[in-house]
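Student: Please see the structure below; I have some questions.
The values are calculated or read from the model by the stated rules, or taken from the named source; none is laboratory data. Because the structure is a prediction, the values reported are computed rather than measured. In this analysis, Cβ positions are derived from the backbone assuming ideal geometry, glycine residues included, and neighbour counts consider all displayed protein chains.
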Amino acid sequence: MSVEELITDKPIINVPGCPPIPMVITGVLVHFLAFGEWPALDLLKRPLLFFGRTIHDR
């Protein structure tokens, strides 16, 4: 069972990595505290602020 199937009443934001990148986790939380909403997400529910463009796009 995935986290999305288990938790249905709260937003899910995926932060990939092994381990997840601390700067991304902090950035997502600061965005919520500063703007009162979660950052925009891509189709995989990753924050576009950090995962919108790949290094290959640059």
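Student: Here is a check on your reading of the model: is residue 13 of a type in the set (A, V, I, L, M, F, W, C), touching a residue at least 24 places away in the same chain (Cβ under 8 Å) and assigned to a loop (DSSP other than H, G, I, E, B)?
Tutor: It is true that residue 13 is of a type in the set (A, V, I, L, M, F, W, C), touching a residue at least 24 places away in the same chain (Cβ under 8 Å) and assigned to a loop (DSSP other than H, G, I, E, B).
Student: Give the residue, chosen from 3, 15, that is in contact with a strand residue (DSSP E or B) (Cβ under 8 Å, 6 or more places away or on another chain) and either aliphatic (A, V, I, L, M) or modelled with pLDDT of 90 or more (or both).
Tutor: Of the residues listed, the single one that is in contact with a strand residue (DSSP E or B) (Cβ under 8 Å, 6 or more places away or on another chain) and either aliphatic (A, V, I, L, M) or modelled with pLDDT of 90 or more (or both) is 15.
Student: While we're on this one: Answer with yes or no whether residue 6 is at negative phi, aliphatic (A, V, I, L, M) and within 9 Å of the chain's Cα centre (by Cα).
Tutor: No.
Student: Could I ask something else about it? Among the residues of the stretch 16-58, count how many are in a helix (DSSP H, G or I), surrounded by 10 or more Cβ atoms within 10 Å (Cβ to Cβ) and not aliphatic (A, V, I, L, M).
Tutor: 7
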